[in-house]
1. Starting from residues that are in contact with a helix residue (DSSP H, G or I) (Cβ under 8 Å, 6 or more places away or on another chain) and in contact (Cβ under 8 Å) with a residue 40 or more places away in the chain, keep the ones in the range 61-76 and report whichever is surrounded by the most Cβ atoms within 10 Å (Cβ to Cβ).
2. For the list (1) in contact (Cβ under 8 Å) with a residue 24 or more places away in the chain; (2) under 30 Å from residue 43 (Cα atoms), I need the number of the one condition that residue 128 fails.
3. Could we say that residue 79 is at positive phi, surrounded by fewer than 17 Cβ atoms within 10 Å (Cβ to Cβ) and under 17 Å from the mean Cα position of the chain (by Cα) here?
4. Just give me the residues in the range 93-125 being closer than 25 Å to residue 183 by Cβ, free of Cβ contacts under 8 Å to residues at least 40 places away in the same chain and exposed (fewer than 13 other Cβ atoms within 10 Å of the Cβ), in sequence order.
5. Does residue 211 satisfy the condition of being at pLDDT 90 or above, at negative phi and touching a strand residue (DSSP E or B) at 6+ places or on another chain (Cβ under 8 Å)?
6. Go through the range 37-60 and give me each residue that's in contact with a strand residue (DSSP E or B) (Cβ under 6 Å, 6 or more places away or on another chain) and more than 23 Å from residue 73 (Cβ to Cβ).
7. Can you pull out every residue in the range 35-60 that is more than 18 Å from the chain's Cα centre (by Cα) and either buried (at least 21 other Cβ atoms within 10 Å of the Cβ) or in a loop (DSSP other than H, G, I, E, B) (or both)?
8. State the number of residues belonging to the range 134-151 that are in a helix (DSSP H, G or I) and over 14 Å from residue 180 (Cα atoms).
């Protein structure tokens, strides 16, 4: 495995008195795409929020690029180069594509071992997302759900992240856009970006992911290569099919 970018151990999280996560452990290597899989309500989004510091009631160890970020504020974690693409996108609907991108701008970064991380510019991102390149001055509120999903990913990349938490990118978008997003993730992987992907679509995850973790009711039930999961019909039926 490549150099570890994210190591999570014994992660627990709660909403009030309700515990949602139980001793979650996972790893993401440099340049690796890892799928965090499970049905709705399995704890995928909560895991990402806890890693990003958005869950105030969480315990466990979270190490990102050699930095212990357990208990840190979200803005502190983001400054270290961890990007988060939320499922609800949260674009600025009154701002144009270029203005949304400009808001996400951060300087180039290096990994903790001194290696330069991928650098993203508006020009590179508009080439990576041709749909956005055709509408640089369109307000975010006048875009389709799939186009907004692309914009959210592109805005996060403007921060030159070392690793991206990508929450349900294929949810609620047209099949042609899903294919484009899958191709984009493959290109990001080639560029050296690490991704932890929350997903319940096995076919989509199989197109882009190296390994997978399967959650159910906030507990880790299975982990292995994505190819192994794609071939394991029993695990899919038990934890992924509706």
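The values are calculated or read from the model by the stated rules, or taken from the named source; none is laboratory data. Just so you know, these numbers come straight off a predicted model, no measurement behind them. FYI the Cβ positions are ideal-geometry reconstructions off the backbone, even for glycines, and counts take in every protein chain you see.
1. As a first pass, look at the range 61-76 and keep what is in contact with a helix residue (DSSP H, G or I) (Cβ under 8 Å, 6 or more places away or on another chain): 62, 64, 69.
Restricting the remaining residues to those that are in contact (Cβ under 8 Å) with a residue 40 or more places away in the chain gives 62, 64.
Working: 62: 22, 64: 24.
So, considering only residues that are in contact with a helix residue (DSSP H, G or I) (Cβ under 8 Å, 6 or more places away or on another chain) and in contact (Cβ under 8 Å) with a residue 40 or more places away in the chain, the one surrounded by the most Cβ atoms within 10 Å (Cβ to Cβ) is 64.
2. (2)
3. On the way: at positive phi: no; surrounded by fewer than 17 Cβ atoms within 10 Å (Cβ to Cβ): yes; under 17 Å from the mean Cα position of the chain (by Cα): yes.
It is false that residue 79 is at positive phi, surrounded by fewer than 17 Cβ atoms within 10 Å (Cβ to Cβ) and under 17 Å from the mean Cα position of the chain (by Cα).
4. If the condition is that a residue be closer than 25 Å to residue 183 by Cβ, free of Cβ contacts under 8 Å to residues at least 40 places away in the same chain and exposed (fewer than 13 other Cβ atoms within 10 Å of the Cβ), then 116, 123 are the ones that fit.
5. Details: at pLDDT 90 or above: yes; at negative phi: yes; touching a strand residue (DSSP E or B) at 6+ places or on another chain (Cβ under 8 Å): yes.
Yes; evaluated as a whole, the condition is true for this residue.
6. Result: 37, 38, 42.
7. Listed by number, the residues that qualify are 56, 57, 58.
8. Going through the range 134-151 one residue at a time, the tally reaches 3.
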